[in-house]
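So the structure is just underneath, and the comments pick up after that.
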Amino acid sequence: MLEVFQKGGFLMYPIFICSLIAVTIFFERMFYLKNIKSKTKRFVVRIKDLIKKGNIELAISACRKNPTPISMIMLNGLMKYGKSREEIKEAIEDSANQEIPLLEKHLSTLSTIGNITPLLGLLGTVFGMIKAFNVISVMGVGRPEVLAGGISEALLTTAFGLSVAIPTIVIYNYLSNRVDKLIREMEISCVDLLDLLTSHTAKETMGRDFGREGDRTYEVSSSR
């Protein structure tokens, strides 16, 4: 295997390095996204329960103790508790614009690897063919074993470049779909959070207004 690798020429090395980077990113992102997904479901349920019970301070504390993209987004929404719906929505959207890129981290690198490795293979093909034609120009076609070396180099780099690019593109699309699905779930959770905060604020306002109205009624009755 090593002998075949060496026959491919110097461009086999950058292609091999690209393959190592792609594999590393795949396992790192898989572990990260799986961890985030499992934490997000439990965390969102807990925060919703706290808000329904009126424990806003506990919800804020929980978000600060669990630094994940969804917790940071919810934290910014909770910090605007008592404000108008538009202010809460704006805070959530601003935070989402900062946190979502964390989910997409390194995906652009995978895309780049998927695009450049076939080109590196093609470049190796060009170098191999140049080498083959140089042999022909110097020695003619009387040394087929030397001519075959250049052609072999051309074919090996192309094959190796494609063998790295194809799974990398598959991995990129798979991870991108997982990120998109996670983002959609976070959007739904944020809409629910916005509705909960808005309704809870409205109930508190109505309660205070009712209390003031009751006080005024009592004062009027007392004065009589």
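Accessible area per residue for the stretch 52-142, computed on protein heavy atoms with a 1.4 Å probe, is 58 Å². To put it simply, the accessible area of the stretch 1-97 at a 1.4 Å probe is 60 percent carbon and sulfur. Protein-only accessible surface at a 1.4 angstrom probe places the residues 197, 75 in the order 75, 197, largest first.
Near residue 83, once Lys and Arg are set to +1 and Asp and Glu to -1 for all other residues with Cβ below 11 Å from its Cβ, the sum equals 0.
Within the stretch 92-126, the GluC sites (Glu not before Pro) that combine a DSSP coil assignment with at most 15 other C-beta atoms in a 10 angstrom radius are 104.
The values are calculated or read from the model by the stated rules, or taken from the named source; none is laboratory data. All figures in this text were calculated on a predicted structure; none of them were measured in a lab. All Cβ positions, glycine included, derive from the backbone under ideal geometry; neighbour counts span all protein chains shown. Calculation scope for accessible area: heavy atoms of the full protein, side chains included, ligands and nucleic acids excluded. Shrake-Rupley method; radii C 1.70, N 1.55, O 1.52, S 1.80 Å.
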